[in-house]
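Laboratory data are not the source of any read-out in this text; all were calculated from the coordinates shown. Computed from a predicted structure; not experimentally measured. Don't worry about glycine lacking a Cβ; one is built from the backbone with ideal geometry, like all the others, and counts go over all protein chains shown.
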Amino acid sequence: MKTHYETRYASSPQAVKAYGTKELRDEFLIDNLMTEDQLVLVYTHYDRYIAGSAVPVAEPITLETIDPLKSNFFLERREMGIINVGGDGTVEINGDVYQLTLKDALYIGSGNENVVFKSLDKSNPAKFYINSAPAHRNYPTKKVSKAEANKIELGSLETANHRTVNQMIIGGIVDTCQLQMGMTELKTGSVWNTMPAHVHDRRMEVYYYLDIMQEQAVCHFMGQPHETRHIWMQNHQAVISPPWSIHSGSGTSNYTFIWGMAGENLDYGDMDVAKITELR
């Protein structure tokens, strides 16, 4: 079987306060992404969000349903966002083929039964990062290249957080039920992301870190603003952020991360900011 999945249950902030390093990593870190020739999926109980990956090398990978969905096919009641972080590849949807180069995105609406991931060059395989959320209706499938993303410049080198936010699967570019995805790239010399930190109790979020140089790492911060914790992360790892938690990080060098979220609304700016000087 090419599909490997696991379930992560929701944790309360009161419980997380007592977690040690291993418990934090077991509950929130996803460290088995980009496994070759496998569809890797993590089904979370935060807004029923799924994060995963597909890296087809020996042969194509078909999107299969998993038991927690109790559905006839994966996208029967779900929508999906994909960003390719590897070599060139294709996603075939009911016979229609979409080619994705490095950092291209693809939104797939609900109701699409047959989805197949392929790499164009086995020596440089595509690496498809996948996010999925429940959907109440179908919206059209749409590809969004990095060049077509809505770009926002934030921060500065002086505060070590100069970055470009690439909004890709988001209102105004793609119609979705609740899924939003994009990619933030930090400039050379900048290491802090999402600072000042914030929470949005209406939505959960997953961060996927990439472009981390060899022998470098990112320290991801989570928890309530007055009760923070940290998780050290490597390249091609993701972390689940509950709605009540901040989600911020600092690297030993610059890097890129993909953010994906779903929940109560589609308002990208809906957030409760935590003052830097009040974090604990």
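With a point put 7 Å past each Cα toward its Cβ, work out how far C219 is from S156 in nm, to one decimal.
My value for the distance between the label points is 2.4 nm.
Starting from the Cα-Cα distance between D201 and N32, subtract it from 0.36 nm times their residue separation and give me the gain in nm to one decimal.
Between D201 and N32, full extension yields 58.1 nm more.
Using just the helices of the chain, give the 222 nm mean residue ellipticity in deg cm²/dmol: DSSP H runs with n ≥ 4 each add -39,500 (n - 2.57), and the total is spread over all residues, rounded to 500.
That comes out to -1000 deg cm²/dmol.
Averaged over all directions, how much area does the convex hull of the C-alpha atoms of the stretch 168-270 cover when projected, in nm²?
If you wrap the Cα atoms of the stretch 168-270 in a convex hull and average its projections, you get 6.4 nm².
Out of these labelled values of Cα extents along the principal axes in Å, (1) 54, 38, 36; (2) 48, 41, 38; (3) 51, 44, 36, which was calculated from the coordinates shown here?
(1)
Towards the positive end of the charge dipole of the chain, with charges on Cβ (+1 Lys, Arg; -1 Asp, Glu), say which of A54, L154, Q99 has the farthest Cα.
Ranked along the dipole, the leading option is L154.
Only four residue types carry charge here, +1 at the Cβ of Lys and Arg and -1 at the Cβ of Asp and Glu. Report the dipole size of the stretch 104-252 about the Cα centre in Debye, rounded to the nearest 20.
Here the stretch 104-252 has a charge dipole of around 300 debye.
Can you list the chymotrypsin sites (Phe, Trp or Tyr not before Pro) in the stretch 1-96 that are in a DSSP coil and have 12 or fewer other beta carbons within 10 angstrom?
In loop regions of the stretch 1-96 (DSSP not H, G, I, E or B), the sparsely surrounded chymotrypsin sites (Phe, Trp or Tyr not before Pro) are Y9.
Among bridges DSSP assigns within the stretch 3-278, what percent are antiparallel (round to 5)?
Percentage antiparallel, nearest 5: 90.
Mind checking the full-extension length gain between Y19 and Q99? Use 0.36 nm per residue of separation minus the Cα-Cα distance, one decimal, nm.
Gain in length upon complete extension: 24.5 nm.
Using a Förster distance of 25 Å, how high is the FRET efficiency between Q234 and N265, based on the Cβ-Cβ distance and rounded to 0.05?
The computed FRET efficiency comes out at 0.15.
How much length is gained on full extension from T252 to N114, taking 0.36 nm per residue of separation minus their Cα-Cα distance?
Contour length minus the Cα-Cα distance gives 45.5 nm.
Based on Cβ point charges of +1 for Lys and Arg and -1 for Asp and Glu, what charge dipole magnitude is obtained for the stretch 153-202 about its Cα centre, in debye rounded to the nearest 20?
In debye, rounded to 20, the stretch 153-202 gives about 60.
Please work out the C-alpha center-to-center distance from the stretch 1-40 to the stretch 189-211 and express it in whole Å.
Computed from Cα coordinates, the inter-centre distance equals 18 Å.
State the answer as a single residue: which of S190, Y209, I173 lies farthest towards the positive end of the charge dipole of the stretch 154-231, with beta carbon charges of +1 for Lys and Arg and -1 for Asp and Glu, about the Cα centre.
Going by the charge dipole, the pick is I173.
Taking the Cα-to-Cβ direction at N138 and at V57 and moving 7 Å from each Cα, how far apart do the two end points lie in nm?
Distance between label points: 3.6 nm.
How large is the charge dipole for the chain, taken about the Cα centre, if only the Cβ atoms of Lys, Arg (+1) and Asp, Glu (-1) carry charge, to the nearest 20 debye?
240
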